[in-house]
Amino acid sequence: MKANANLLIALAGLAYMSATPALAEDYPNRPITIIVPFTPGASTDAITRVAAQELSKRVGQPVVVENKPGAGTVVGAVAAKNARPDGYTLYMGTNSFYASALTLKNPGYDPAKDFTPLAALGRAPYVLLSPSSVPSKTLKDLVAYAKANPGKTNYGSLGRGTSQKILAEDVKEATGIDWQEIPYKGGTEGVTATMAGDVHGYFGTVSLAAQHVAQPKLNLVAIAATKRSPYLPNVPTFAEEGYPGIVDQTWYALFAPSETPGPIVEKLRAELGAGADPFMLHLCGAL
């Protein structure tokens, strides 16, 4: 019986190995879904939709974006991890993908074990946004306001382990201000709350900030980069404002569940790698 069982296992393995190249050759023959762990309209969502359009052209199938926000990107990551590893469900990760896994006790996924990287699509530094309803034309103004109102100022974040929270805590430590966290599911909600004056600081990517550069309800206070962005030339760096240690950026990368067949992974890498420079990298700063 044991010999028969071993034979069946061996035959199944051979069948899988022989079927995999054919599977990759036929892939994709139906729509692909990319899970985004943020709300519609957020910078990650917008960039993913551009990537989806280009990937769709290259593979000849629709590429659909599915938003699954919540818990500092954990909801989307777990959904992608549990998806069938057949190349038809992908995941758009940012640096919060790794940060949440490291800072949460039981995130429900392991980035290294549960996912296979496909392509790095770009990077973008963060900009501190503040409502014009409080003195915040400059970082000095905002710090002075926060110190004059201890315990009454706050910042928006996308949850524990995300860049927005880490950067806000860096600002808290560097400047000595006492502001409290208010979590949101996505960048659109965070910016909306900032414009309404519900939060006094929110870190959005350059691409998100650039969409609101002319918004009278917002001040673009400082950029967490080593130099000014060509897309926001009037926004000073934190170093220019006296805080050189505050530098951070997000990255965007596509992943597949770890058991996705190798030939499919390589096919996706080839298509995404060929399209990365022309359709994505410049958009991370300008979109």
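The values are calculated or read from the model by the stated rules, or taken from the named source; none is laboratory data. Predicted model only: the values in this text are computed from it and were never measured. When we count neighbours, we look across all protein chains shown, and the Cβ atoms used for this are built from the backbone with ideal geometry, even at glycine. Ligands, DNA and RNA are excluded from the accessible area calculation, which covers all protein heavy atoms including side chains. Shrake-Rupley method; radii C 1.70, N 1.55, O 1.52, S 1.80 Å.
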* To do: Would you mind getting the accessible area per residue of the chain, heavy atoms of the protein chains only, 1.4 Å probe, in Å²?
  => 45 Å²
* **the chain, Rg to Rh (Cα coordinates; Rh as Kirkwood inverse mean 1/r)** => 1.07
* Carbon-plus-sulfur fraction of the accessible area of the chain, 1.4 Å probe, in percent? -> 56 percent
* To do: Would you mind listing how long segment 131-287 runs along its three principal axes, going by Cα atoms, in whole Å with the largest first?
  => 60, 31, 28
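Could you give the length gained by full extension between Ala120 and Lys57, i.e. 0.36 nm per residue of separation minus their alpha carbon distance, to one decimal place?
Numbers: separation 63, 0.36 × 63 = 22.68 nm, distance 1.88 nm.
Taking 0.36 nm per residue and subtracting the Cα distance, the gain is 20.8 nm.
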* Relative contact order (percent, whole number), segment 47-189, Cα cutoff 8 Å, 6+ residue spacing -> 22 percent
* List the equivalent ellipsoid semi-axes of segment 48-122 in whole Å, largest first, each obtained as the square root of 5λ for an eigenvalue λ of the Cα gyration tensor. => 23, 12, 11
* Asked: Under 14 Å from the 7 Å Cα→Cβ point of Thr138, by amide nitrogen: which residues of segment 214-235?
  -> 221-222, 235
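Go through segment 138-203 and name the trypsin sites (Lys or Arg not before Pro) that are in a DSSP coil and have 13 or fewer other Cβ atoms within 10 Å of their Cβ.
Lys152
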* **Additional length obtainable on full extension of the chain from Lys217 to Glu240, 0.36 nm per residue less Cα span** => 5.9 nm
* Asked: So, in Å, what gap is there between the alpha-carbon centers of segment 57-110 and segment 113-157?
  -> 24 Å
* **Over 22 Å between alpha carbons, listed pairs Lys137/Lys172; Lys81/Lys185; Lys105/Lys185; Lys140/Lys217; Lys147/Lys172; Lys68/Lys217** => Lys68/Lys217
* Translational diffusion coefficient (Stokes-Einstein; Kirkwood radius from C-alpha pairs) of segment 158-213 at 20 °C, 1.002 mPa s, in µm²/s -> 182 µm²/s
* Asked: Using unit Cβ charges (K, R positive; D, E negative) and no other charged atoms, how large, in debye to the nearest 20, is the dipole of the chain about its Cα centre?
  -> 180 debye
* Over the chain, relative contact order from alpha-carbon pairs under 8 Å, at least 6 apart, % -> 27 percent
* Counting only C-alpha contacts under 8 Å and six or more residues apart, can you give the relative contact order of segment 186-231 as a whole percent? => 32 percent
